[in-house]
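What follows is one structure encoded as structure tokens, with my remarks underneath.
What follows draws every value from the coordinates through simple rules; no lab data is involved. These figures come from a predicted structure and were not determined experimentally. Don't worry about glycine lacking a Cβ; one is built from the backbone with ideal geometry, like all the others, and counts go over all protein chains shown.
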Amino acid sequence: MTSPITTARHGDILVVTSDNPPVNALGAAVRTGIDAALKEAAGDDSIHAVVITCAGKTFFAGADITEFSKPPVEPLLPTLVDSIEGLDKPVIAAIHGTALGGGCEVALACHYRIAVPSAKLGVPEVKLGLLPGAGGTQRLPRVAGVALALEMTAKGDPISASQAHEAGLVDRLAGEASLLDDALAFAAEVAAARPLPRASEKTATADAQVFADFRKTNARRFRGFDAPEANIACVEKATQVPFGQGLQFERESFMKLMFGVQSAAQRHIFFSERKASKIDGIASDIALRPIKRVGVIGAGTMGGGISMNFLSAGIPVTIVEMQQEALDRGTATVRKNYEASAAKGRITPDQVEQAMGALNPTLSLEDLADCDLIIEAVYENMDVKKELFGKLDKIAKPHAILASNTSYLNVDEIAASTSRPQDVLGMHFFSPANVMKLLEVVRGAKTADDVLATVMALGKTIRKVAVVSGVCHGFIGNRMLMPRQVEAMKLLMAGATPEQIDKVHVAFGMPMGPFQMSDLAGVDIGWHRDPTRIENIRDALAAEKRWGQKTQAGFYDYDEKRNPSPSPRVAEIIEEFRVREGAQQHDITDEEIVERTLYPMVNEGALILEEGMAQRASDIDVVWIYGYGWPVYRGGPMFWADTEGLKKIVAGLEKHGFEVAKLLRDKAEKGERFN
Ligand code: T1G
């Protein structure tokens, strides 16, 4: 097998190039090749400097994550990194694309770093539940300073080449199109410079208060995660002990995380997110329909948010409303959202105008005639949607894709109201649609393969995590949410309080519990709106306009800053229903709350898989991570069930009288996992 590493002489400079698509991951063959090149350079006195560069779209984007579950192969990355730094000739890293993780650590071990302005550098290991395990936690604070090293290691976001240059992480900026030439010139310039600047020989200093402040400032963000604190502790160690001891501490900390459940969960999600974009049974090179203009019907919260996804990706949008006032309000909201992002420096004012200039508001459905994709985000009512799709069928051009943003209605029934069911599918965005990453793409019985593949690819273009769902009530996410909400209400009747149930979910790692979620989304969603018809606790709350945060009262009472507090009135309503229904109460433990609200979600997930409504268990995990904030360090409901043990899940479900899904029972009995 040819090595992904090649070397070439440019005068007295040895250029080492990695060509290991798609991201030049530092797999065993790459490490072996670089090691051989270093030996070549060390043994040849006519070589006075080394340039390490990469072909393709990026400098090394990290260790090869797929190797983590396999036995380690020499030379290990930490060893290789030390060999680079230890060479007695200058090694220059020529960086483009994203120098991430082990890639950034290779660059840090080089004596010099030159990067094109569009490059990024980062150590995202924390997002995999890890830490830079090849010296990064010890070299980065020594080169770029402790404050920046804390930000980069504990949060995992990359910085731009210019930020890196300002911080001293990058020594030179190259021309965008002249990286190698500029790197060679830089190498010639420093070839004789001594002593060689070695990160490990610098010192990292910081007041202890810096670490205490950083921990305090980020406590909420890091809640429940192991890796951020491990990264902080390693950077702190770099200011306390010599480099070698710091490396040892880093190594021990890395191994602890690597073999922990959280990193396994976070690596599972890394690969699952990418796997979700693949559609079983459809060729990955299927011809896609070009999407040059998108139509959005409805300029409310959803329609405006949906439009922004396309505008931000540079795709013009025609947005339709029935009333001018609603249309104006909708487009004003889009502008307000963009201007808020500009105020935070996330986008430039020019980009705001560019996006708004690509938004074409209209009151006429006929203006959608030139759209390649039309998405409706109108009132969640089947008759309304069927009538609208009937009209679109006559207006839309041939091969236009017609999508419904419905959150649970039957997409096949909607498709049947057109003469082109093959062009119809669901695109279920999550509110706020311009923020939430999940997009459930609902495949109708007659949806054409190229239509599905086009929308899945478009999902990536608009920076969503798209997951294919079959047609069933609630698709994947909301279908699993329902049993959780139903059981939460039953637990109120059995003696629990809303705050007790929510507290268990938040302690588990969810951003909020079932009742906090209801208050945020609106207790009145789906309510029959007849205040005289009070059949359950939710009806009683809705009848008293306890519609949630928006009315400063729901399952909780809210002050003017929307701070929640337990509601005596809600406690009364619950008690009234307990009496009225003759409900039996008992002391409810946190464990029972988990068994009765989370285990049924796993059970529903098993039914979804049995019915083929999701392609794979990992898709279900992706839905809950990106659509509902399931803690990524638990890997999603199905991954979590595997770690709990399916036998334990089955026993818990049976204990509370649930009917166990066949797939779940079979897997439990065979000792199998979902993932
Ligand atoms: N190892 C193995 N495969 C990888 C990979 C990696 N590091 N990064 C990406 N891939 C695969 C990915 O699964 C996909 O495969 C394809 O490449 C394209 O990826 C010791 C321990 C670089 C910003 O965490 O953030 O170094 O689906 O779709 O959108 O301290 O990939 O095509 O089969 O994401 O252009 C640290 C992870 C590793 C970076 C490019 N590094 N990668 O994004 O492409 S741990 C990372 C990314 C480490 C050391 C530690 C992104 C990207 P497939 P993609 P993209």
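Assorted remarks:
- DSSP beta bridges in the chain [antiparallel fraction, %, rounded to 5]: 30 percent
- You can think of it this way: the chain between D181 and K397 has 72.7 nm of extra reach, that is 0.36 nm per residue less the Cα-Cα gap.
- Beta bridges by DSSP in the range 5-258, antiparallel share as percent, to the nearest 5: 30 percent
- Take the Cα of L196, go 7 Å toward its beta carbon, and the backbone nitrogen atoms of the range 21-37 under 15 Å from that spot belong to 35-37.
- Separation between Cα centres of the range 159-180 and the range 406-457, rounded to whole Å: 43 Å
- The chain: DSSP helices with Cα axial extent of at least 27 Å and average Kyte-Doolittle hydropathy no lower than -1.0: 324-343
- Percent RCO, i.e. relative contact order, over the range 317-453, from Cα pairs under 8 Å lying at least 6 residues apart: 18 percent
- All C-alpha pair distances within the chain, sorted into 20 Å bins from zero, spread as 16, 43, 33, 7, 0 percent across the bins.
- Pairs with C-alpha atoms separated by more than 29 Å, drawn from the list K39/K275; K336/K503; K336/K464; K278/K647, are K39/K275; K336/K503; K278/K647.
- Each residue, V579 and V506, gets one label point 7 Å from its Cα in the Cβ direction; the gap between the two is 3.0 nm.
- The gain in end-to-end length when the A340 to K655 segment is fully stretched comes to 108.4 nm, 0.36 nm per residue minus the alpha carbon separation.
- Unit charges at the beta carbon, dipole of the chain: most positive-side option, Y633, T239, S312: T239
- Take the Cβ atoms of D590 and D530, set R0 to 51 Å, and the FRET efficiency comes out at 0.90.
- Between the range 268-305 and the range 192-243, the Cα center-to-center distance that results, in Å: 40 Å
- Separation of the M482 and R569 label points, Cα + 7 Å toward Cβ, nm: 3.0 nm
- Each Cα pair under 8 Å and six or more residues apart adds its separation to the average, and for the range 429-484 the resulting relative contact order is 36 percent.
- Computed label-point distance, nm, for sites A332 and E669 using a 7 Å Cα→Cβ extension: 6.3 nm
- For the pair A28 and S162 in one chain, pulling the backbone fully straight at 0.36 nm per residue adds 45.1 nm over the alpha carbon distance.
- Using a Förster distance of 22 Å, the FRET efficiency for T643-K275 (Cβ separation, nearest 0.05): 0.70
- Candidate cross-link partners of K120 among the aspartates and glutamates, defined by an alpha-carbon separation under 20 Å and a same-chain spacing of 8 or more, comprise D19, D64, E105, E151, D157, E166, D171, E176, D181, D182.
- Length-normalised contact order of the chain in % [C-alpha pairs under 8 Å, at least 6 apart]: 9 percent
- FRET efficiency for the M493 to L288 pair, using the beta carbon distance and R₀ = 56 Å, is estimated at 0.65.
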